[in-house]
Amino acid sequence: MPPGRHALPREFIAQHQRARIIAALAEETVDKGYRAVTVADIVRRAGIARNTFYENFSSKEDCFLAASEFAVKEALRRVVDAASKVDAWPDRVNAGLAAFLHYVASEPALARTCIVEALSAGPAAVDRYERSIQAFVPLFRMGRKVSAKGEELPETLEETIVGGIFWILYQRIIMGQAERIEDLLGELAEFALTPYLGAEAAKRIAGQAPAGAAAG
Amino acid sequence: MLDVETRERAAGPERERIVQALIEIAAERGYAETTVEMILRRAGLDRPAFDRHFRGKYDCFLSAWREINEDCMREMLEAYNSEEEWPDRLRAVACEIVEALRNDPSRASFAVEVLAAGDAARARRDMTMRVIASLIDAGRNEMEDPEAISHTTAEALAGSAYGQVYSRVVKGRGDELPALVPQLLSAAVMPYLGIDAAMAELSRGFDPPARYRRDVAKRGSSSKSSSKSGKTVTSAEDYPPELARLPPGRHGLPREFVVHNQRERLIAGLAEAIAEFGYSGTTIAHITRYAAVSRRTFYEHFSSKDECFVAAYDTVMNTLRERVSEGFEEADDWPHAVRAGIGAMLEFLAANPHLARLCMVEALVAGPVVVERYDAAIQSFVPYFQSGREGRPPEVLERLSPTTEEALVGGMVSLISRRIIAGKAEELEELLPDLVEFTLTPYLGSEEAAKVAREKG
């Protein structure tokens, strides 16, 4: 804590603390794997008192779930922000995806914790993973309006797209390629656009930023 | 020497009992709660029996997990090959997985437990996922321009299907899986065959394809236990014709393998025969013909085609390892050593396309015995990358995970195998810059990695 912290509003401190604890969990998870991390490790890394941890979270798992929720919210905020700057749906996919990849690349520890562990941990984590996917589903669902098949498309198509993107990110992170994640924009956008626009059009448009919408 | 096999057979029941007990208990109580004592009580065995087969609980988990993955891989390939049309093949694979999960829920729960237990289990799963991705990726052969679509697509489709199946299993909603099959297939087919084919898949429902159904019925009536025991080594009847496409220019033995020694001649003969007929199509008569030795000579050295294959695999891998190690040792610093090692590997594989196919492609479909070796081979390349951790700053080390090296080797091998499957083994050396950049990036950062990768000579 910086000196003179009493001047800070209580809410700010609380938020800051939570963020610090979440960051500590992410870093410890990257170091030793989620299962091996203890609350003591998190407390040490965050430089806080054990009590403070329990004021914020009931358990390690609670903290993990909060980390996921935090990351998804932040990612979604950035994606929506970037997507709303352009009009056409394919441009929105490009812009949103670019913002998403940029965020993942800038937070490798958090990304690893959320993406890697989500597909390996138990029921609560899987629940969280499903909700993360669902958070992004509506953005792709809008693509049905530009598709000739619209609502006839497979019900779980958007889940497939979001899940596929998560999986590719997981693979790249595991391979230590986190810093090159933004290079995936073209391929992932193509993957996402193909079901709605057809392979050819998707390939043409994928990864193209419309004028005035820089990626991050 | 033949005793290895005898010993394995004798060890079979004991080991299998332990593994079965482990799967049941872990499914009931979770990884953390499972103890070796519980396993032994359930299996009706004593501690020395456990120690004969495993080095502790985690090792036992991983072994069981490896066997499940090998079974699963074999069953998938069997399903894939039971059909002729690519979409039906995928459908057969999907139906196989769904049926397996529904018939054996304890395996599904076990998977959930073991995946949470550590990185090694995940790395094993990811290997299986790469095979599934390659079956989806075969869809490009149906397209006018097979290069029109990125390989990432198949990888994403496979991973996403996994996520959807996994989450339903974890939440005890296995009964939803059959309804998921047409959805997943529709999405998988779409990029390759277009929207109309995708809609057709969707309207078919669960609908296991006809031939596959017949196969399952046959399996059920004739040999009840064989598909479960994991010992049906011969089921390599079954590998996909996609994987069987012949690399061009396969004729003519590579000089270094033409030796007077009979054993090595047989090995070279096997490699030739496999290049011609694929693993499943190869008979001992083919091998002896290419080796120009008698059948009797064959049996003096090997008891079966499998045994000969394993020997061939080991020989090729030893040579490959030697080349890599020589290349690696010659260079002055680690990044250039990696470059030289990868260069040596690609050079060897490009110069010997049918050996390349034998060790990179056939090994994956030739059955459990070899899959295990394939795994060991992957592991043997890990230390080269691991030594790159030395002297790196903490912020770099922080980026690496315990299985980064394994994932790098796996990713590299999967890129190489794809080329071989596509019949482009001779062009493998073109991959050098990409592979070097890909493998060095985690340690050096992309800029420095690109520099080493793009150097001339």
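The values are calculated or read from the model by the stated rules, or taken from the named source; none is laboratory data. Being a predicted model, the structure only gives us computed values, none of them experimental. Here the Cβ positions follow ideal geometry from the backbone for every residue, glycine too, while neighbour counts run over all protein chains shown. Heads up: the accessible areas ignore ligands, DNA and RNA and are worked out on the full protein's heavy atoms, side chains in. Shrake-Rupley method; radii C 1.70, N 1.55, O 1.52, S 1.80 Å.
The table for this structure:
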{"read-out": "10 Å Cβ shell holding at most 13 others, DSSP loop, GluC sites (Glu not before Pro): longest site-free stretch of chain B", "value": "B:145-389"}
{"read-out": "P(r) of the protein assembly as shown over all Cα-Cα pairs, binned every 20 Å from zero, in whole percent", "value": "17, 51, 29, 3, 0"}
{"read-out": "Span-like helix ranges in chain A, DSSP H, alpha carbon extent 24 angstrom or more, Kyte mean at least 1.0", "value": "A:157-174"}
{"read-out": "Counted charge near B:E24, where neighbours are those whose Cβ lies closer than 12 Å (Asp, Glu -1; Lys, Arg +1)", "value": "+2"}
{"read-out": "Peptide B:182-192, shielding by other chains (average Cβ, 10 Å cutoff)", "value": "5"}
{"read-out": "Distance from the range B:300-328 to the range A:168-211 (C-alpha centre basis), Å", "value": "39"}
{"read-out": "Shape call, chain A: gyration tensor on alpha carbons, a/c limit 1.5", "value": "prolate"}
{"read-out": "Exposure of A:S132 as accessible area (Å², to 10), given a probe of 1.4 Å and all protein chains", "value": "10"}
{"read-out": "Trypsin sites (Lys or Arg not before Pro) within the range B:167-214: DSSP coil, no more than 12 neighbouring Cβ in 10 Å", "value": "B:R173"}
{"read-out": "Accessible heavy-atom area order of B:Y58, B:Y212, B:Y31, highest first, probe of 1.4 Å", "value": "B:Y58, B:Y31, B:Y212"}
{"read-out": "Dipole of the protein assembly as shown, positive direction: furthest Cα of A:I205, B:F298, B:A275, with charges on the beta-carbon", "value": "B:F298"}
{"read-out": "Total charge dipole magnitude, the protein assembly as shown, about the Cα centre, Cβ charges on Lys, Arg, Asp, Glu only, Debye to nearest 20", "value": "1280"}
{"read-out": "Sequence of A:V80, B:V169, A:V30 from largest to smallest accessible area, 1.4 Å probe", "value": "A:V80, B:V169, A:V30"}
{"read-out": "Rounded Å value of the spacing that divides the Cα centres of the range B:8-70 and the range B:102-152", "value": "25"}
{"read-out": "Listed residues B:P393, A:S84, B:P208: farthest to the positive end of the dipole of the protein assembly as shown (Cβ charges)", "value": "B:P208"}
{"read-out": "Rule-of-thumb Rg ratio for the range B:77-228 [Cα; 2.2 N^0.38 Å; N residues]", "value": "1.06"}
{"read-out": "Gyration tensor (alpha-carbon) shape descriptor, chain B, a/c threshold 1.5", "value": "rounded"}
{"read-out": "Where Cα atoms sit under 29 Å apart: lysine pairs in chain B separated by 8 or more or lying on different chains", "value": "13"}
{"read-out": "Loop trypsin sites (Lys or Arg not before Pro), the range B:45-115 (other Cβ atoms within 10 Å of the site Cβ: 16 or fewer; DSSP)", "value": "B:R55"}
{"read-out": "Global geometry of the range B:81-133, whether rounded, prolate or oblate, following the gyration tensor of its Cα atoms and the 1.5 cut on a/c", "value": "oblate"}
{"read-out": "Order of exposure, largest accessible area first, which applies to B:M317, B:M38 with probe 1.4 Å", "value": "B:M38, B:M317"}
{"read-out": "Whole-Å distance, taken between Cα centres, linking the range B:391-452 and the range A:23-86", "value": "30"}
{"read-out": "Dipole magnitude of chain B about its Cα centre (Cβ charges: Lys, Arg +1; Asp, Glu -1), debye to nearest 20", "value": "1400"}
{"read-out": "Of the DSSP H helices in chain B, those whose Cα atoms cover at least 15 Å axially and whose Kyte score averages 0.5 or more", "value": "B:105-116, B:177-193, B:334-351, B:404-421, B:432-444"}
{"read-out": "Sequence-distant aspartates and glutamates (8 or more away, or on other chains) whose Cα lies within less than 16 Å of A:K203", "value": "A:D91, A:D183, A:E187, A:E190, B:E144, B:D145, B:E147"}
